[in-house]
Amino acid sequence: MVKFFTDIYTATSTILGGMIITINHLFTAKRGIATLQYPEERWPRPERDIGFDHGSYNVIRSRLHVDMDDCIGCLKCERACPVNCIKIETSKAPERGEDIKDVKHIGITSNDSRKAMVVTRFDIDMTECCYCNLCTYPCPEECIFMTGGPNSKKHPIDYEFSEPDRSDLIYRFAKPGTKEGMEKLLNDDNKVEA
């Protein structure tokens, strides 16, 4: 019976001791030290070495970025993705006029490759991405890459890609092509070639 009352006393004194510390902190803490209105307010990121050399480190937990001007629609990155977070749809380049029938490309990439496919959909779901960087290696045009690191010239590093809604983490790089849009693209390309 004595052990029962001893346990009650110990439990009560322990709870009261913890509550006194909490109440004391509530009234003596500085304003704004504990609460940060997160999406609008952010802690400043310290300027210091974070453990790697930006020039040599290639896999940074950031996000994937696609340079759509260089994408030829080969689907190699989609096939290499182990979690299938990349969705690509392509269509053949539309026919041009009779006089330039032999030319069936819709543009030239920065590596001087001719684009024969129109990429109508290029979506990356970053909620499924495992940041393995496997999709970047098979790309013949090097148009898909992780942001930051050696790619900081193309796209700077950013550590925070949080969104209040999960659907905002699906990055849509290509706009669905319409017939009018493709005709405009072909007309613009004809002007460049002429």
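Observations on the model:
- Fewest-first ordering of Met146, Met126, Met68, Met1 by other beta carbons within 10 Å of each residue's beta carbon gives Met1, Met68, Met126, Met146.
- Couplings for the stretch 82-90, taken from phi via the Karplus curve 6.51 cos²θ - 1.76 cosθ + 1.60 with θ = phi - 60°, read x, 10, 6, 8, 9, 10, 10, 10, 10 Hz in order; Gly and Pro are left as x.
- Karplus-derived HN-Hα couplings along the stretch 136-143 (A = 6.51, B = -1.76, C = 1.60, θ = phi - 60°), whole Hz, x at Gly and Pro: 7, 6, x, 5, x, 9, 6, 9
- The calculated FRET efficiency for the pair Tyr38 and Lys154, based on their C-beta separation and a Förster distance of 22 Å, comes to about 0.15.
- Working note: Karplus 6.51/-1.76/1.60 with θ = phi - 60° gives the stretch 10-18 the couplings 5, 5, 5, 5, 5, 5, 5, x, x Hz, where Gly and Pro are set to x.
- Amide H contacts of Thr120 (H built 1.01 Å from N, under 5 Å, at least 5 apart or other chain): Glu89, Thr90, Ser91
- Residue-count net charge about Cys85 - beta-carbon cut-off 10 Å; Lys, Arg +1, Asp, Glu -1: -3
- Close amide-amide hydrogen proximity is noted between Arg63 and Thr147, each under 5 Å apart and 5 or more residues distant or on a separate chain (H modeled in the peptide plane; Pro and chain starts excluded).
- Which of Phe4, Phe122, Phe161, Phe145 has the fewest Cβ neighbours within 10 Å, and the rest in rising order: Phe4, Phe161, Phe145, Phe122
Read-outs throughout are calculated quantities, based only on the coordinates presented, and are distinct from any laboratory measurement. As the structure is a computational prediction, the values presented were derived from the model and not from experiment. Positions of Cβ are backbone-derived with ideal geometry, glycine not excepted, and every protein chain shown enters the neighbour counts.
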